[in-house]
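In what follows, a structure is listed as structure tokens, so that the remarks can point back to it.
The values are calculated or read from the model by the stated rules, or taken from the named source; none is laboratory data. The model shown is predicted, which means the values in this text are computed figures rather than measured ones. Glycine also receives a Cβ, built like all others from the backbone with ideal geometry; neighbour counts cover every protein chain displayed.
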Amino acid sequence: MMNGCPRWSFLTLPLLAALGCSDPVPRPPQASLMLSVQVGPTTGCPVPGKIYQVGNPKPPSGTFAGDPFINGEHGATIKCSVKGGGPYTFSGSIQALSSESDRVTLTVTDGLVAADKLTGTATIAVNTPQLAGTYVSPIGACTLTIVNQNVRGGSIWATATCPSIGEPSTGKTCSVGPTTTFVFENCDGS
């Protein structure tokens with residue numbers, strides 16, 4: 001058997017044609033997000049204290065994984081990769097509408113989770129209509145706490161804190177608060 005299908009022979013071809021034996025279709029990426037934008041290390045954050053809830057319909061928390069958007073559903077765009085077996089490397093992005101119909105984008109790059117599946121670091125970029133630009137953390141400056149060690153090849157559930165995210169053209173800064181939680185599932189894990 002190859003890929004779960006029997007060897008091809010003149011006897012099995014009619015049966016396989018009828019059954020449609022093939023490799024399974026991978027499930028599309030999905031994600032949910034609770035984003036907390038807070039006052040940064042300097043003044044000028046345009047939306048301090050704002051929480052964006054991105055779920056279909058409920059966002060995640062530290063105890064609930066939320067109801068995810070599936071890539072392409074309601075205009076959501078989700079891409080992600082979680083690789084390794086401890087330590088893990090990952091990246092991901094979600095662009096979807098919040099519960100208040102704001103188009104929210106969170107991009108996570110340079111993600112690294114320790115072998116113990118408890119903590120990690122990442123670079124995070126955030127864009128919302130109220131921010132009117134993309135605010136980015138310094139490389140690897142955001143700390144992650146993995147919720148109940150929920151990380152494996154293809155998925156991650158974590159809370160994030162970034163002391164400073166900045167918009168280079170304006171010099172304004174905000175921070176990503178400790179209630180920020182994201183879940184990425186059905187990611188590239190190979």
- request: Kindly check whether there is at least one residue in the stretch 14-21 that is at pLDDT below 80, outside any loop (DSSP other than H, G, I, E, B), small (G, A, S) and out of contact with any Gly (no Cβ under 7 Å at 6 or more places or on another chain).
  value: yes
- prompt: Can you name every residue in the stretch 156-166 that is of a type outside the set (S, T, N, Q) and under 14 Å from T123 (Cα atoms)?
  reply: A158, A160, C162, P163, I165, G166
- line: Residues of the stretch 153-169 being in a strand (DSSP E or B) and either touching a helix residue (DSSP H, G or I) at 6+ places or on another chain (Cβ under 7 Å) or surrounded by fewer than 17 Cβ atoms within 10 Å (Cβ to Cβ) (or both), in sequence order, are P163
query: Out of all the residues in the stretch 31-71, which are under 15 Å from L106 (Cα atoms) and assigned to a loop (DSSP other than H, G, I, E, B)?
result: G55, P59, P60, P68, N71
query: Scanning the stretch 170-190 for residues that are assigned to a loop (DSSP other than H, G, I, E, B) and of a type in the set (S, T, Y), which turns out nearest to the chain's Cα centre (by Cα)?
result: S190
query: If I139 satisfies every condition in (1) touching a Gly at 6+ places or on another chain (Cβ under 8 Å); (2) surrounded by fewer than 23 Cβ atoms within 10 Å (Cβ to Cβ); (3) at pLDDT 95 or above but one, which is the exception?
result: (1)
message: G40 - would you say it is over 14 Å from E185 (Cβ atoms), touching a Cys at 6+ places or on another chain (Cβ under 7 Å) and small (G, A, S)?
response: yes
message: Restricting to the stretch 34-81, and then to whatever is under 16 Å from V176 (Cα atoms) and among the aliphatic types (A, V, I, L, M), can you tell me which residue is surrounded by the most Cβ atoms within 10 Å (Cβ to Cβ)?
response: V54
statement: Within the stretch 93-138, the count of residues that are of a type outside the set (K, R) and assigned to a loop (DSSP other than H, G, I, E, B) comes to 15
